[in-house]
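Here the structure is laid out as structure tokens; the discussion comes afterwards.
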Amino acid sequence: MSKGKEKRQKKKRQQPEASVAPQPQPDALPPIQGPARAMVIMAHPDDADFLCAGTVAKWCAEGWEVIYVVVTSGDKGTHDPAMHPEKLAAIREEEQREACRVLGVKECIFLGYPDGFTSESAELRGQIVRLLRLYRPDVVITWDAFRGTFNHRDHRNVGQATMDAIYPIVRDRLFYQHHEHEGLESHQVNEVLLAGADKPDYSVDITDYWEKKIEAILCHTSQLGGRTKEDFLRERAEREKREPGKPIEERFRRWSIRRPMRQPQAAAPAEPRPKPQRAAAG
């Protein structure tokens, strides 16, 4: 090898590799702001309060209108040998109503499905679509049906039914068209927050509303196994020692549909009919 060629190769090896230019990232979505209208669609009483009561408390304090939809009444969630499903359902429904009163939720709707037997059915989708068209929320919170870790059957199916109802069914008037006979028009939900996600990408700072969240959780006495407010306060104090000053957050996977609503098309004007030709007189 010639000395000139060897010198050129050595110089080439000493030069740093060209860095790959970073690819432009899409602009981050703006935070969800209100006041607006929200609907929380969950499988069981207490699901919403463990998952998103801080967010709900924050929204209600800001003047949002929040509706809870609970698909089952949680009539199987007990180890008490003296309990029966009807009694437990009544207890858990009242616990959920009390939690809603604590948070400022406007209305709580129970669909009455049996606990543990929720299916992702046309009937359930239709009920959810009807409620979306009736209350017309801007934002919906529901279970993340697609998380990779273990997922309760009811949680998975309620999340799936809700997501299918939101896109595209509730937006397109020919789905469940009988709703029009009730005066319910198609509606578009632009923002969905999926709770229980294993890969969340959207956070709500609930530090100022943490105590309100715990107050709502404590309404679900039948599900707490004797836990008290002092237990929650101790856990928070321990967290503060480990991570001083760190905000308390509720985390979601955000689904922003952001598609323009289909506008009704005006009927095309009828084409004029040709005038009949009269036969010439003979």
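The values are calculated or read from the model by the stated rules, or taken from the named source; none is laboratory data. Predicted model only: the values in this text are computed from it and were never measured. Please note: Cβ atoms are built from the backbone with ideal geometry, for glycine as well, and neighbour counts cover all protein chains shown. The area values use the complete protein model at the heavy-atom level, side chains included, leaving out ligands, DNA and RNA. Shrake-Rupley method; radii C 1.70, N 1.55, O 1.52, S 1.80 Å.
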ask   = without any contact (Cβ under 8 Å) to a residue 12 or more places away in the chain and open to solvent by 60 Å² or more (accessible area, probe 1.4 Å) - does that describe any residue in the range 150-171?
value = yes
inquiry  = Looking only at the range 101-115, filter to residues that are open to solvent by 30 Å² or more (accessible area, probe 1.4 Å) and part of a loop (DSSP other than H, G, I, E, B); which one of those is farthest from ALA57 (Cα to Cα)?
reply    = PRO114
ask   = Regarding THR72, is this residue surrounded by 21 or more Cβ atoms within 10 Å (Cβ to Cβ), modelled with pLDDT of 95 or more, under 21 Å from the mean Cα position of the chain (by Cα) and not hydrophobic (A, V, I, L, M, F, W, C)?
value = yes
ask   = Condition test on GLU230, is it modelled with pLDDT of 95 or more, loosely packed, with under 12 Cβ neighbours inside 10 Å and over 26 Å from the mean Cα position of the chain (by Cα)?
value = yes
inquiry  = Looking at the range 94-122, I want the residues that are among the hydroxyl-bearing types (Ser, Thr, Tyr) and have a partner that is modelled with pLDDT of 95 or more and part of a loop (DSSP other than H, G, I, E, B) with Cβ atoms under 7 Å, at least 6 apart or on another chain. Which pairs are those?
reply    = THR118/ALA43
query = Restricting attention to the range 191-211, which residues are assigned to a loop (DSSP other than H, G, I, E, B) and surrounded by fewer than 18 Cβ atoms within 10 Å (Cβ to Cβ)?
reply = ASP198, LYS199, ASP201
ask   = Which of (1) in contact (Cβ under 8 Å) with a residue 40 or more places away in the chain; (2) open to solvent by less than 60 Å² (accessible area, probe 1.4 Å) is the odd one out, the single condition ASP138 does not satisfy?
value = (2)
